[in-house]
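Data first, discussion second: the structure below is written as structure tokens.
The values are calculated or read from the model by the stated rules, or taken from the named source; none is laboratory data. What you are looking at is a predicted structure, and each value in this text was computed from that prediction instead of being measured. We place every Cβ from the backbone using ideal geometry, glycine too, and count neighbours over all the protein chains shown.
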Amino acid sequence: MHFTYVTLFSNLIEGYFQDSILKRAIESDKFKISFLNPREYSASKHSKVDDTAVGGGAGMVMTPQPLFDALSTLEDDAYIIFAAPVGKPFTQNDAKRLASKTHVVFVSGRYEGIDERVTESFADEVFSIGDYVLTGGELPSLVMTDAIVRNIEGVLGNSESLEMESFETPLLEAPSFGKPPIYNNLGVPSEYLKGNHSRIQALKLALSECKTKYFRPEQLLKHKIRTSYEK
């Protein structure tokens, strides 16, 4: 799989792939990354990529020409994603679906945003990672990449870990506990130590339901609706 980042600041992205799971995945050819800098496609004498907004308003807007020319160099298999607050919320299902793509391209805006004509002409999808505003699209691009890459076969050492994570079902993941069983006078649920796997799974389900009820009650409702259909 191939990820391309259209960004003015590739150094903000490159460092994320220098350690841990993603570094090993690149070294084992599970995926690769590349960059397109719109500034290199600017027809401006001074390689400008921004200008004042038509109709007035504060701040500068990324102008269409550099982005049009940069994105036009992409091959037909490129699936182009823009990160913007107006986009639909990015979910685990989106991550799993996009993991089957051959080439995903993330376009990172800066300043007051990207000229709307670029988005309308090139975007296959527009995603938001939350109801807040960031200084650029690089962080959302990395967030989505991380979520997608985990679903590429062979990236995680134990593929079964995907099945137990939050948002694989409507329920949040049950609390996790590492060894030792007692630390600083704090213990773990005693059932975890008895070796009865069916009872441990039942307890984990109950704890998962409790955690979901507290943090994400709307997800618990989805779980109840889902289980009622399965009966």
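Only one of the numbered conditions (1) over 16 Å from Ser108 (Cα atoms); (2) in a strand (DSSP E or B) is violated by Val61, and that is (1). Leu36 passes every criterion in (1) touching a His at 6+ places or on another chain (Cβ under 6 Å); (2) closer than 25 Å to Ser121 by Cβ apart from (1). Please determine, by comparing only the residues of segment 97-119 that are assigned to a helix (DSSP H, G or I) and at pLDDT 95 or above, which one is surrounded by the fewest Cβ atoms within 10 Å (Cβ to Cβ). In this case the residue turns out to be Arg97.
What are the residues in segment 74-96 that are assigned to a loop (DSSP other than H, G, I, E, B) and crowded, with 21+ Cβ neighbours inside 10 Å, if any? Once the filter is applied, which keeps residues that are assigned to a loop (DSSP other than H, G, I, E, B) and crowded, with 21+ Cβ neighbours inside 10 Å, segment 74-96 yields only Phe90.
Here's the yes/no breakdown for (1) under 30 Å from Met60 (Cα atoms); (2) modelled with pLDDT of 90 or more:
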site: Gly87; (1), (2): yes, yes
site: Asp94; (1), (2): no, yes
site: Ala147; (1), (2): no, yes
site: Phe167; (1), (2): no, no
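The residues on offer are Ser72, Ser100, and the sole one that is without any contact (Cβ under 8 Å) to a residue 24 or more places away in the chain and under 20 Å from Ser10 (Cα atoms) is Ser72. So, in segment 105-139, exactly how many residues are of a type in the set (Val, Ile, Thr) and touching a helix residue (DSSP H, G or I) at 6+ places or on another chain (Cβ under 6 Å)? Going through segment 105-139 one residue at a time, the tally reaches 2.
So that you can scan it fast, the table gives a plain yes or no per residue for (1) in contact (Cβ under 8 Å) with a residue 60 or more places away in the chain; (2) over 10 Å from the mean Cα position of the chain (by Cα):
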{"position": "Lys96", "(1), (2)": "no, yes"}
{"position": "Val105", "(1), (2)": "yes, yes"}
{"position": "Arg110", "(1), (2)": "yes, yes"}
{"position": "Val118", "(1), (2)": "no, yes"}
{"position": "Phe122", "(1), (2)": "no, yes"}
{"position": "Phe127", "(1), (2)": "no, no"}
{"position": "Val155", "(1), (2)": "yes, yes"}
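Restricting segment 127-157 to residues that are surrounded by fewer than 21 Cβ atoms within 10 Å (Cβ to Cβ) and among the polar types (S, T, N, Q) leaves a set whose member that is farthest from Arg24 (Cα to Cα) is Thr135. With respect to being aliphatic (A, V, I, L, M), in a helix (DSSP H, G or I) and either assigned by TED's automatic domain parsing to the domain that holds Val104 or modelled with pLDDT of 85 or more (or both), Val143 fits the description. Is it true that some residue in segment 44-52 is on the phi > 0 side of the Ramachandran plot and in contact with a helix residue (DSSP H, G or I) (Cβ under 8 Å, 6 or more places away or on another chain)? Yes - at least one qualifying residue is present in segment 44-52.
The residues of segment 11-39 that are in a helix (DSSP H, G or I), under 17 Å from the mean Cα position of the chain (by Cα), closer than 30 Å to Val61 by Cα and touching a residue at least 24 places away in the same chain (Cβ under 8 Å), listed by number, are Leu12, Ile13, Tyr16.
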